[in-house]
Amino acid sequence: MTPATRQEVLGLYRKILQIAKTWQSASGQIEETMREKEYIRNEARTLFRKNKNVTDPKLIKQCIEECEARIEIGLHYNIPYPRPIHLPPMGLAHKQGRTLRHQEKLRKISKPIYLKSHDEVS
């Protein structure tokens, strides 16, 4: 990891911790606010520790983009959790064969960047 990339990653981590410190839940309830603040800190801690040994520049760039996307979406919608995606149910394809494999491949490709790591951690 280059020094510039390292500074960018550390800056994102600091930004997330600052957001967690000043976070206010949409409902305004103290208990919910505390749960959401704790979720933000734990999610950041878990993902940053999981990816601390990544050395591939493309993968590092992808992780940074995912982090930035999750920050922007969280601030915009005022929810700390990843937004769910709505894809057509698997029932549209035949139960076997090429169509099912093709649809599974399309589902994997169509997953938004902000959900790439969520399934791995959850």
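Some notes on this structure:
- Ile30 accessible area, assembled protein chains, probe 1.4 Å, Å²: 120 Å²
- Too-long pairs where the Cα-Cα distance tops 19 Å, listed order kept, from Lys50/Lys105; Lys15/Lys61; Lys15/Lys37: Lys50/Lys105
- Our coupling estimate for segment 11-22, obtained by passing each phi through the Karplus curve with A = 6.51, B = -1.76, C = 1.60 and θ = phi - 60°, is x, 5, 4, 4, 4, 5, 5, 5, 4, 4, 5, 9 Hz, Gly and Pro reported as x.
- In the context of the full protein assembly, Arg45 retains an accessible surface of approximately 80 Å², using a probe radius of 1.4 Å and ignoring ligands and nucleic acids.
The values are calculated or read from the model by the stated rules, or taken from the named source; none is laboratory data. Values in this document were obtained by computation on a predicted structure and should not be read as measured data. Heads up: the accessible areas ignore ligands, DNA and RNA and are worked out on the full protein's heavy atoms, side chains in. Shrake-Rupley method; radii C 1.70, N 1.55, O 1.52, S 1.80 Å.
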